[in-house]
1. Could you list, in sequence order, the residues of segment A:38-76 that are surrounded by 23 or more Cβ atoms within 10 Å (Cβ to Cβ), hydrophobic (A, V, I, L, M, F, W, C) and over 25 Å from A:R225 (Cβ atoms)?
2. State all residues of segment B:107-146 that are within 14 Å of another protein chain (Cβ to nearest Cβ) and more than 18 Å from B:S188 (Cβ to Cβ); if no residue qualifies, say none.
3. Would you mind listing the helices (runs of 4 or more DSSP H) fully within segment B:3-106 where at least 3 residues are modelled with pLDDT under 95, within 14 Å of chain A (Cβ to nearest Cβ) and touching a strand residue (DSSP E or B) at 6+ places or on another chain (Cβ under 9 Å)?
4. Filter segment B:163-184 for residues that are within 14 Å of another protein chain (Cβ to nearest Cβ) and either under 11 Å from B:A138 (Cβ atoms) or out of contact with any helix residue (DSSP H, G or I) (no Cβ under 8 Å at 6 or more places or on another chain) (or both) and give the result.
5. Going through segment A:158-176 one residue at a time, which ones are outside any loop (DSSP other than H, G, I, E, B) and either touching a residue at least 12 places away in the same chain (Cβ under 8 Å) or basic (K, R) (or both)?
6. Give B:F159, B:F228 a once-over and let me know the one that is of a type outside the set (S, T, Y), under 18 Å from B:W111 (Cβ atoms), buried (at least 23 other Cβ atoms within 10 Å of the Cβ) and within 20 Å of the chain's Cα centre (by Cα).
7. Give me a count of the residues in segment A:214-242 that are within 14 Å of chain B (Cβ to nearest Cβ) and in contact with a strand residue (DSSP E or B) (Cβ under 6 Å, 6 or more places away or on another chain).
8. Among the residues of segment A:90-101, is there at least one that is among the basic types (K, R) and more than 14 Å from the chain's Cα centre (by Cα)?
2 protein chains.
Amino acid sequence: MEDPRQAMEDLLESSGSRFDAFDAGARVLSPDEVISILAPQLSDERIERIDAVLAGRTYQVAAVVEGVINTGNVSAVMRTAEGLGFQPFHVIRGDAPYKHSVRTTQGAQKWLDVTEWEEPVACVQSLQSQGFQVVVTALTDQAIPLDQVDVTRPTAFVFGNEQHGASDQMLECADMACVLPSPGFIQSYNISVAAAMTLHWAHSKRVELLGSSGSLSAEDTTRLRADFYIRSVRRAEDILRKAVGD
Amino acid sequence: MEDPRQAMEDLLESSGSRFDAFDAGARVLSPDEVISILAPQLSDERIERIDAVLAGRTYQVAAVVEGVINTGNVSAVMRTAEGLGFQPFHVIRGDAPYKHSVRTTQGAQKWLDVTEWEEPVACVQSLQSQGFQVVVTALTDQAIPLDQVDVTRPTAFVFGNEQHGASDQMLECADMACVLPSPGFIQSYNISVAAAMTLHWAHSKRVELLGSSGSLSAEDTTRLRADFYIRSVRRAEDILRKAVGD
């Protein structure tokens, strides 16, 4: 069986990250330049698929996993977030040793902007400074039902450790806590299930209230299109460097 | 590692099934009699918890897994269904060998009415004869978006095999197919994730449209209370037999 710590490193290593411009050595290429250079490498079908994905994409909903030790759970939440079109993804490393389980991301991680953090406070402060309300899924006295969260605002949903949930630090600095309905005997859901319920609900609610969950500005659409072209074309970086004569 | 086939047998063996009356040998006990005999064995807190669960319980939404080979996935769907208060659960065995994965049900299976089937047609016909519309989650040409399913009607949601989805037989005899939103690059969700999204949505929609997802008749409440008492009290069957002097 694969080493769990290595599995987590591999997952994070293969993840995408926010793209702003491409440093081709001889000069820096703008997103528009990247797009014109790489477009001939892509089939019409692929270009249409990327356009369709961009139309449903948003930076307004972020998924955050904190101290999750099972790499399969991190993969599962990534696959859910990518599938629903939520671009920002944050991984706050925990102290516990990782465990590995074989659940596939279907490569979801490479299409997300994944940011790693060593501890929760810096992550929450960064999200709040970008205008996100930080909502931690946790059964606290002040927790509100999920369906009372206003997802027309930029919202980051935090999913905590499999055994202990979110850390005390996270509970303290998050803006609010929310709970999922659980009228049955079981007291909690598995993290990949909780994330599926929460993020799917957020998507449906955004479609209902906003007409679409997708919300990219023209500028973000161009930037992310360039990024998706780079992630789609084999040896894109060589092609871009060659195009500027580096 | 545990034998997967044995793990599936153990899961089904430990599952609850529909209770109508208790055969105590000397005579058959009605649900009311079962309740009066067992109530003194339960703490007030436990009795209140069971009442709360009954208030959120319904027979109007059924979960069906067809040909699912990973026992962990069956467990995960059971835990989700129990947590949301959906009592009927159907397992249609597949041909493929089982795989085992360690995901806990938290004992969810014992609170459900689990019915096993060898093949899909008998299961679907039984559900339809009870007034259920059978909705299979599958990407077919006629599939409608999940949010167009009318969950104020008795509805059974079918989740198919991990690799191949629902069987052709199932697709043919189900009343309709539905799809989850997937505006991203990944083409499908893991079965436990798909079930979480679907069943949580059904619960939320029922609360929105009906005021509550729970919908037991007085008679079903009494019957299920007796059943939950039996499932809660250690050696309940000995106690019941002793009470009628058997």
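1. Correct list: A:V64, A:V65, A:V68, A:V74, A:A76.
2. Result: B:G107, B:A108, B:Q109, B:K110, B:W111, B:L112, B:D113.
3. Result: B:71-84.
4. Once the filter is applied, which keeps residues that are within 14 Å of another protein chain (Cβ to nearest Cβ) and either under 11 Å from B:A138 (Cβ atoms) or out of contact with any helix residue (DSSP H, G or I) (no Cβ under 8 Å at 6 or more places or on another chain) (or both), segment B:163-184 yields B:Q163, B:C178, B:V179, B:L180.
5. Listed by number, the residues that qualify are A:V158, A:F159, A:N161, A:G165, A:Q169, A:M170, A:L171, A:C173, A:M176.
6. B:F228
7. 2
8. Taking every residue of segment A:90-101 in turn, at least one turns out to be among the basic types (K, R) and more than 14 Å from the chain's Cα centre (by Cα).
The values are calculated or read from the model by the stated rules, or taken from the named source; none is laboratory data. Remember, predicted model here, so these are calculated numbers, not experimental data. Here Cβ is always computed from backbone atoms with ideal geometry, including for glycine, and neighbour counts include all displayed protein chains.
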